[in-house]
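S.K.: Here it is, the structure, as structure tokens.
The values are calculated or read from the model by the stated rules, or taken from the named source; none is laboratory data. Just so it is clear, the structure is predicted and the values come from calculations on it, not from any experiment. Note that we place each Cβ from the backbone using ideal geometry, even for glycine, and neighbour counts take in every protein chain shown.
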Amino acid sequence: MIPFELVEPQSLREAIGLLDPDDAAVRAIAGGTAVMLMMKAGVFRPRRLVSLRAIERRFSGVETGPGGELRIGAMTPLAVLERSGVVRREWPVIARTLLTLSNVRVRNVATVGGHLAHADPHMDLPPVLSALGARVTIAGPAGERTVPVESLGTGYYETVLRRNELITTLTVPPQGRKRAAYLKCTTRSADDWPALGVAVALDMDGAAIRDAAVVISAATDKPTRLAAAEAALRGGSVDEATLRRAGEAAADGLDIVGDAHGSASYKKQLLRVYLGRAVRAAAKGTA
């Protein structure tokens, strides 16, 4: 590991000022679970790391806003989110998803903002948050802007974040009566990187699906919303015919990426099967 500069600013403004928009070797570090692995593997050699541990405490913690929305500071550890009573009660799909996100040691250290900014397409929370309509607030020298989580990632380890911008807050709308589920298929342990992840949020009218949001991960280079599958579900019911149509609509025409966790053809078949399972789980409120 080559020498590098480590700085620990005391405020968000100071942290942004220490980032360099023109130097990819200058990077912010929150929990560090991903950055340290990249450094050990030699794929990232920093010139300067800007630690965010000492910035204002208002960027840590979980609270609800006046409209019932969930507000999560970017420096909040994933384990805090997992154990939050309000998350378990009002957004149970997030709490359930976190139970198989890596392991408890990682969740104790990894932060919400770092998780989203890392943009590994195999991660579990981005598809769930996208299906729920979540947004992130991003701060930089020019001020703040808000971006849907669905639009945050642009490719493998790539986001819309500029090099001198930081995620400050994650906001999740009230789940209300929507039913949501996330299922992933792993080839080894349950907390491993998935070969496929499927997040579903349903707006039900009795037994009928009034509207649906379907987002997949691990099979594409970023979390991807499946508009064709959503259209196939909309107006239908949770029956075999509807789920088969939705599964075929999801798989047809989608550019699936094979990797160490499964070939493209294997993942395409997983998508056909797991989409139906995720819809059933969401309708029953069991995953």
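S.K.: Determine the pairs where a residue that is closer than 15 Å to residue 205 by Cβ, located within the range 235-250, has a partner that is in a strand (DSSP E or B) with Cβ atoms under 6 Å apart, the partner being 6 or more residues away or on another chain.
M.R.: 236/209; 237/208
S.K.: Out of 250, 219, which single residue is part of a loop (DSSP other than H, G, I, E, B) and within 22 Å of residue 148 (Cβ to Cβ)?
M.R.: 219
S.K.: Please name all residue pairs, on different chains or six or more residues apart, with Cβ atoms under 6 Å, provided the first residue is in the range 87-102 and is not assigned by TED's automatic domain parsing to the domain that holds residue 63 and the second residue is outside any helix (DSSP H, G or I) and among the charged types (D, E, K, R).
M.R.: Going by the 6 Å Cβ cut-off, there are no qualifying pairs.
S.K.: Return yes or no: is residue 170 in a strand (DSSP E or B) and either in contact with a helix residue (DSSP H, G or I) (Cβ under 8 Å, 6 or more places away or on another chain) or more than 30 Å from residue 12 (Cβ to Cβ) (or both)?
M.R.: yes
S.K.: Let me ask something additional. Which strands (runs of 3 or more DSSP E) does the range 1-87 wholly contain that include 1 or more residues that are surrounded by 14 or more Cβ atoms within 10 Å (Cβ to Cβ) and basic (Lys, Arg)?
M.R.: Of the strands (runs of 3 or more DSSP E) lying wholly inside the range 1-87, those with at least 1 residues that are surrounded by 14 or more Cβ atoms within 10 Å (Cβ to Cβ) and basic (Lys, Arg) span 26-29, 48-51, 70-73.
S.K.: Turning to a different aspect of this structure: Just name the residue that is surrounded by the fewest Cβ atoms within 10 Å (Cβ to Cβ) out of those in the range 106-164 that are acidic (Asp, Glu) and within 21 Å of residue 191 (Cα to Cα). Steps first, please.
M.R.: Of the residues in the range 106-164, the ones acidic (Asp, Glu) are 120, 124, 144, 150, 158.
Now drop any that are not within 21 Å of residue 191 (Cα to Cα), which leaves 120, 124.
On the way: 120: 15, 124: 25.
Once the filter is applied, the top-ranked residue is 120.
S.K.: With the condition kept exactly as written, say whether any residue in the range 232-239 is over 22 Å from residue 94 (Cβ atoms) and in a helix (DSSP H, G or I).
M.R.: Yes, the range 232-239 contains a residue that is over 22 Å from residue 94 (Cβ atoms) and in a helix (DSSP H, G or I).
S.K.: Of the numbered conditions (1) over 24 Å from residue 163 (Cβ atoms); (2) surrounded by fewer than 18 Cβ atoms within 10 Å (Cβ to Cβ); (3) among the hydrophobic types (A, V, I, L, M, F, W, C), residue 94 satisfies every one except a single condition; which is it?
M.R.: Just one mismatch for residue 94, condition (2).
Quick grid of which residues meet (1) at pLDDT 95 or above; (2) more than 20 Å from residue 113 (Cβ to Cβ); (3) in the same structural domain as residue 157 (by TED's automatic domain parsing); (4) over 25 Å from the mean Cα position of the chain (by Cα):
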position: 15; (1), (2), (3), (4): yes, no, no, no
position: 18; (1), (2), (3), (4): yes, no, no, yes
position: 40; (1), (2), (3), (4): no, yes, no, no
position: 45; (1), (2), (3), (4): no, yes, no, yes
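S.K.: Report yes if residue 217 is small (Gly, Ala, Ser) and within 15 Å of the chain's Cα centre (by Cα), otherwise no. Let's see the steps before the verdict.
M.R.: Details: small (Gly, Ala, Ser): yes; within 15 Å of the chain's Cα centre (by Cα): yes.
Yes: the conditions hold for residue 217.
S.K.: Consider only pairs whose beta carbons are under 7 Å apart and that are at least six residues apart or on different chains; among these, list those whose first residue lies in the range 29-49 and is more than 16 Å from residue 166 (Cβ to Cβ) and whose second residue is among the β-branched types (Val, Ile, Thr) and loosely packed, with under 11 Cβ neighbours inside 10 Å.
M.R.: That search, which allows pairs on different chains as well, returns 45/2.
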